Amino acid sequence: MYKYLLVLSALIMAAPTWADFTTNMGSSTRYMFRGVKQSDADIVVSAGADYQAPFGFYAGAWGYTGAIEDLDTSEVNAYTGAAYSLGGVSFGLGVIRYERGADSQDNLYGTSNTEYNVNIAWDAYRFSAYEDEDTKARYHEVAANYSFWGDSGMTFTAGMTQPDGESSDETWNYGIGFVKAMPSNVDFEVLVTRQDDKGNSLILGISRQFDW
């Protein structure tokens, strides 16, 4: 019940007359989730919407499909939470609901699950911790983001998955990304990832944000 009340309160706080509203759409050569490929499609298409409400509340949704004619390869995520800054340090609490098509690639979480998360950020650095509501699987990630040349940036991530919350079964994934901001709110991204069990991947993507 808690997560549904949180979603409802965030959506109420995020009414368009009170909030910043943005949408986005994009395409990439594949969709990776924590270093694991989620679709066999050569090209995936994604879209999302976000509200940024007063008092640090936010809510949004994002989804992708690996094949327009086969929605069973798709995924839709809804999320909400709150984030606050104090003395240059940002703190956040959130909840994410994942809904995956029946033909999505097998993963630790099945076709649907709910995760709670805690985030702490300072300057270019971030730490995030996630826990699945039912299985208690945990994921921890550290990330760093650096800007240079005014409109470009590099991202570095390292994440650890614990399927049952025990460190003895952990797997690691890593990522290095380059992002180039172009005119009209268009971003081009190159991402290289590695996962202990799945190996290396190269992803090319392009996306655009629309401000309303």
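The values are calculated or read from the model by the stated rules, or taken from the named source; none is laboratory data. As the structure is a computational prediction, the values presented were derived from the model and not from experiment. Virtual Cβ from ideal backbone geometry, glycine too; neighbours counted across all protein chains shown.
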Filter result for the condition that a residue is within 20 Å of Asp50 (Cβ to Cβ) and either of a type in the set (Gly, Ala, Ser) or touching a Lys or Arg at 6+ places or on another chain (Cβ under 9 Å) (or both), over Ala158, Ala181, Ala137: Ala181
So, in segment 173-188, how many residues would count as being surrounded by 14 or more Cβ atoms within 10 Å (Cβ to Cβ) and under 29 Å from Asp132 (Cα atoms)? 4
Pick from segment 198-209, criterion of a type outside the set (A, V, I, L, M) and in contact (Cβ under 8 Å) with a residue 60 or more places away in the chain, ranking: nearest to Ala49 (Cα to Cα): Gln209
Looking only at residues that are in a loop (DSSP other than H, G, I, E, B) and at pLDDT 90 or above in segment 23-34, which one is farthest from Thr161 (Cα to Cα)? Thr29
Give the number of residues within segment 162-185 that are among the β-branched types (Val, Ile, Thr) and modelled with pLDDT of 95 or more. 2
Given (1) under 24 Å from Ser74 (Cβ atoms); (2) surrounded by 13 or more Cβ atoms within 10 Å (Cβ to Cβ), identify the lone condition not met by Asp196. (1)
Checking the structure you have, find out if any residue of segment 130-140 is of a type in the set (A, V, I, L, M, F, W, C) and surrounded by fewer than 17 Cβ atoms within 10 Å (Cβ to Cβ). no
Just to be sure before I move on: is Ala143 among the hydrophobic types (A, V, I, L, M, F, W, C) and in contact with a Ser or Thr (Cβ under 6 Å, 6 or more places away or on another chain) in the structure I sent? yes
Filter result for Ser201 (surrounded by 14 or more Cβ atoms within 10 Å (Cβ to Cβ), within 16 Å of the chain's Cα centre (by Cα), of a type in the set (Gly, Ala, Ser) and at pLDDT 90 or above): no
Residue in segment 38-47 that is modelled with the lowest pLDDT, counting only those that are assigned to a strand (DSSP E or B) and surrounded by fewer than 18 Cβ atoms within 10 Å (Cβ to Cβ): Val45
Among the residues of segment 158-195, write down those that are touching a residue at least 40 places away in the same chain (Cβ under 8 Å) and assigned to a loop (DSSP other than H, G, I, E, B). Pro163
